[in-house]
Amino acid sequence: MKSVFKPKLFSLLRQGISRQQIITDSLSGIVVGILALPLAIAFAVASGVSPDKGLITAIIAGFIISFLGGSRVQIGGPTGAFIVIVYGIIEQYGVNGLIISTILAGFMLIGFGLLRLGSLLKYFPYPLVVGFTSGIALIIFSTQIKDALGLDIQKVPSEFGEKWILYFQQISTINWYAVIITLATILITVYSKKIVAKIPGAFLAIILTTITVQVFELPVTTISSFFGEIPTNFSFVIPSFHWIDLQNYIVPAMTIALLGGIESLLSAVVSDGMIGSKHRSNTELIAQGIANIVTPFFGGIPATGAIARTATNVKNGGRTPIAGIIHAFTLLIIMLFLGKWATLIPMSALAGVLIVVSYNMSEWRSFCSVLKGSLFDVTILLTTFILTVWVDLTVAIQVGVVLSALLFMKRMSDLTDKNLNDPIDKDVLEDYSSIPDNISVYEISGPLFFASARRYAEIIEELGVENKAIIIRMRHVPFIDLTGIENLKNVITRLKEAETTVILSGVQPNVIQDFKKYKISELIEKENIFNTFEEALSFVKDNPNF
């Protein structure tokens, strides 16, 4: 456990942190806390829960992730990626189901870390990540149209298509004051940094639009008119749970765990590149898991590493987890003493902030770049994107991972077919042009696994039955799976029945061990296995039987 779980903060404290760095981290934490305020509220509202749930998540989960995490600069809290998942779980299982699913996801994340799966989650194919990220961005954008336009709609459907049908049906109820506030929020969020670099644009936009609405008494929906007052205290919640219902929460919990793990590690990798550091992926997963176990008991929603807030932390000089801890305390102070003022924020302003978030998440440049790539990458991208938008994020990730694996196997199989489908051309062998005509040489290039094993076996058998002996070169075979073993055993048996001698060369030690384990060594005499091709060739040329 100790070797897997090594919080970065404790390591840095042992090394010593300078007074100047503590001051810089503290100031950075305050800035990030101010930025996180409108985002936490907006993510909670868009997810179908009250604004305080977002603040609670940013405070508790943000503190735990920084205190116990494996990154120097990671900022944790609610993120846009979870909006779709949280909204869907609440629609189907209610808030109680969300709490249980999040806690289960936390235990899964701890399991991922203890099993050292942190490095594996990094290997999700890039087109898959871009596909579901772009899909989530489009869904977030679509959920904000009602508030952005001020439409008179009581309940927005959860299905993507039905949302847009209802929007067009209710377009006549558009509130132009809300539209102006939305546009103003977007413009201020995007361009204010050119004028006031130190104050986050989203925070400045929220302040200015809220003041404007209150001073001119504009007829738009605010948080107070929609949700009521924001609680300024914490309450402990114990969800009602029956073991018989556990199966209902496994899939949503796995979705939260996978998405949370992927997003947090992506954020950590991005921040590593910005500061020239290296995070501890398994420690990060365990910290994320603990955060998602603890936070729901206080009414919080799923949390993970937030790329935008982490990047803001780095740009403001944050270099230790102290910044993330200060960010959490900044939000706590705001919630306790300024929460009542947050209820005055216009819903259209929150919609504007989330529209900017969805645009930044969309990765449309990366999306277009992948579309110019191979057919395999395009297939994964579009399949994941379409399933995310039109079906379900859970289904999209599951199908995307399986499809990626299948297409990878297809690629490996195609590569196998291109690599020496015919015996080695004797004319290109420098000193071996005198190989007897009744000897075949074939080289297996790449792993001998289930996607390629049958094709290799067919070629070896075709070449072997026509000759007295066949030399199979295996210097480029890094591993062999059980399917490859069975296919190789079968072809060797058939070649022996045809009185063809099978000779192996360049077999790697780990493959030799598998041969012994699965008794292939009993089918091939020990003297017919050579370390090098030269030795095998000399054996053939010196043997009068050939």
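Treating r as the C-beta distance of Tyr126 and Glu162 and R0 as 25 Å, the FRET efficiency rounds to 0.20. Ligands, DNA and RNA are left out, and with a 1.4 angstrom probe the accessible area of region 282-367 is 31 Å² per residue.
The string of couplings for region 388-397 from the Karplus curve (6.51, -1.76, 1.60, θ = phi - 60°) is 4, 6, 9, 10, 5, 5, 4, 4, 4, 5 Hz, one whole number per residue in order, with x for Gly and Pro. Note on exposure: Lys372, Lys340 ranked by accessible area (1.4 Å probe, complete protein assembly) read Lys372, Lys340, with the most exposed listed first. The modelled label-to-label distance for the pair Ser11/Leu115, using points 7 Å beyond Cα in the direction of Cβ, is 2.4 nm. Annotation: for a label point projected 7 angstrom from Cα along Cα→Cβ of Gln170, residues of region 31-72 with backbone N closer than 20 Å are 42-51. Here the label points at Lys315 and Ser3, each 7 Å from Cα along the C-beta direction, are separated by 4.1 nm in the simple model. Modelled spin labels at Asn438 and Phe241, positioned 7 Å past Cα toward Cβ, are 7.3 nm from each other. Couplings 3J(HN,Hα) for region 531-546, derived from phi with the Karplus relation 6.51 cos²θ - 1.76 cosθ + 1.60 (θ = phi - 60°), are 6, 10, 5, 4, 5, 5, 5, 4, 4, 5, 5, 8, 8, x, 5, 9 Hz, where x marks Gly and Pro.
Counting protein heavy atoms only, the chain has 62 percent of its accessible area on carbon and sulfur, 1.4 angstrom probe.
Summarising the amide proton neighbourhood of Thr501: residues at separation of 5 or more, or on other chains, whose placed amide H is nearer than 5 Å comprise Ala469, Ile470. Distant-in-sequence amide contacts of Thr304, defined by a placed amide H-H separation under 5 Å and a gap of 5 or more residues or a different chain, comprise Gly77, Thr79.
With Cα atoms defining each centre, region 38-56 and region 510-546 are spaced 67 Å apart in the structure.
In percent, rounded to a whole number, the relative contact order of the chain is 23, using alpha-carbon pairs under 8 Å and six or more apart.
When the pairs Lys53/Lys340; Lys193/Lys278; Lys410/Lys519 are compared against a 18 Å limit on Cα-Cα distance, Lys193/Lys278; Lys410/Lys519 fall above it. Summarising the amide proton neighbourhood of Glu443: residues at separation of 5 or more, or on other chains, whose placed amide H is nearer than 5 Å comprise Ile424, Arg473. Using a cutoff of 8 angstrom between alpha carbon atoms and counting only pairs six or more residues apart, the relative contact order for region 1-113 works out to 25 percent. Could you work out how far helix 246-275 tilts from the main Cα principal axis of the chain, as a 0 to 90 degree angle to the nearest 10? The answer is roughly 90 degrees. The residues of region 425-546 expose, per residue, 52 Å² of accessible area to a 1.4 Å probe.
Per DSSP H run of n ≥ 4, the term is -39500 (n - 2.57); total these for the chain, divide by its residue number, and report the mean residue ellipticity at 222 nm rounded to 500 deg cm²/dmol. It comes out at -21000 deg cm²/dmol, rounded to the nearest 500. Phi angles of region 27-44 translate, via the Karplus equation with coefficients 6.51, -1.76, 1.60 and θ = phi - 60°, into HN-Hα couplings of 5, 4, x, 5, 4, 5, x, 5, 5, 6, 4, x, 5, 4, 5, 5, 5, 5 Hz per residue; Gly and Pro are given as x. Using the Cβ-Cβ distance between Leu183 and Ser538 with R0 set to 60 Å, the FRET efficiency from 1/(1 + (r/R0)^6) comes to roughly 0.15.
The values are calculated or read from the model by the stated rules, or taken from the named source; none is laboratory data. Computed from a predicted model, the values in this text were never measured in an experiment. With ideal geometry, Cβ positions are generated from the backbone for all residues, glycine too; neighbour counts draw on all protein chains shown. Note: areas computed on protein heavy atoms with side chains; ligands, DNA, RNA excluded. Shrake-Rupley method; radii C 1.70, N 1.55, O 1.52, S 1.80 Å.
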